[in-house]
Amino acid sequence: MDQARFSEACRWALSQEAGRQGIGTLGEKTLHSAVKYYFQPDPGKREVKLGPYWADAVTEEGVLEIQTASFHRLRPKLEYLLPQQAVTVVYPVAARKTLVWVTEEGETTPPRKSPLKPTQGQVLWELYQVRDLLAHPNLRLCVLLLEVEEYRLLNGWSKDKKRGATRFERMPLSLLGEVWVHGPEEYGRLLPEGLPRLFTSRELGKAVGLPPKKATLAANVLRNLGAIRQEGKRGNAYLYTVSEPGNGPVPETREAPV
């Protein structure tokens, strides 16, 4: 973790955004651009063509891919790259967030701090979409915990236009932490602190900041990697406990969404 280098990356990304004369005017958002610069400041090693795909960056450790959502879109690229070289997937999490609403007239509301405090475990339900690749020896994962300022358009379907609103841009402010996973035996690092000895997928979701259906997929990922194990039931809900270190992946099973 290098806070000074991340601050430099944020300044660079914001200067690029200013040059485009407006927030979010191009497809590559400011947060994505800043994270890419943080890991690879050399412009000649960003946006590198590798076979049929463009890699976000190439570093001394291998290929770097920044993915903020929809991991199923990353699957074909991973399937192509992993047999050839190491790939690090970087997933940014807005662990501390300030919300700014943008009206139809382009005016902005005063910033308001979000009460939500998501953790590194937010990535788990996204990982479900590439779960069969997670044990590959060339795959690495880095979750960046960030402080961000998020801009949303007041274009939702509710009376106040906030429900269903479009997230317009996320501006990175500071780096709060990095969580690295270098192999199947380290996915337990994505678990939050303070979990009870026995917990349901719903309780896991509440702890990491995921709704119940996504929390079910998160628990499935952790169980199949051996990071947690099933231990009985509470009513209709499966109970889990954190596995002892050294437990490897287990055959895949699926818990029905609750």
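The values are calculated or read from the model by the stated rules, or taken from the named source; none is laboratory data. This structure is a prediction, so every number in the text was calculated from the model and none was measured. Glycine also receives a Cβ, built like all others from the backbone with ideal geometry; neighbour counts cover every protein chain displayed.
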*Examine the range 162-172 for a residue that is in contact (Cβ under 8 Å) with a residue 40 or more places away in the chain, in the same structural domain as Trp125 (by TED's automatic domain parsing) and of a type in the set (Phe, Trp, Tyr), and state whether such a residue exists.*
yes
*Select from the range 122-161 the residues that are assigned to a loop (DSSP other than H, G, I, E, B) and in contact (Cβ under 8 Å) with a residue 40 or more places away in the chain and list them in ascending order.*
Leu134, Ala135, His136, Pro137, Asn138, Leu154, Asn155
_Looking at the structure I just gave you, is Thr216 of a type outside the set (A, V, I, L, M, F, W, C), closer than 24 Å to Ala94 by Cα and without any contact (Cβ under 8 Å) to a residue 24 or more places away in the chain?_
no
*Has the range 91-102 got any residue that is part of a loop (DSSP other than H, G, I, E, B) and either at pLDDT 90 or above or surrounded by fewer than 17 Cβ atoms within 10 Å (Cβ to Cβ) (or both)?*
no
*Among the candidates Leu195, Leu210, Leu222, Leu204, residue that is part of a loop (DSSP other than H, G, I, E, B), surrounded by 15 or more Cβ atoms within 10 Å (Cβ to Cβ) and in contact (Cβ under 8 Å) with a residue 60 or more places away in the chain*: Leu210
*Could you please find all residues in the range 87-132 being among the aliphatic types (A, V, I, L, M) and touching a Cys at 6+ places or on another chain (Cβ under 8 Å)?*
Val89, Val90
*Within the group Arg140, Arg131, which residue is surrounded by 13 or more Cβ atoms within 10 Å (Cβ to Cβ), closer than 24 Å to Ala9 by Cβ and not assigned by TED's automatic domain parsing to the domain that holds Ser201?*
Arg140
*Report whether or not Thr108 is in contact (Cβ under 8 Å) with a residue 12 or more places away in the chain and either under 18 Å from Leu225 (Cα atoms) or touching a Leu at 6+ places or on another chain (Cβ under 6 Å) (or both).*
no
_Checking the structure you have, find out if any residue of the range 67-86 is at pLDDT below 90 and either over 22 Å from Leu173 (Cα atoms) or of a type in the set (Asp, Glu) (or both)._
yes
*Of all residues in the range 170-222, how many are of a type in the set (Lys, Arg), under 16 Å from the mean Cα position of the chain (by Cα) and closer than 29 Å to Arg152 by Cβ?*
2
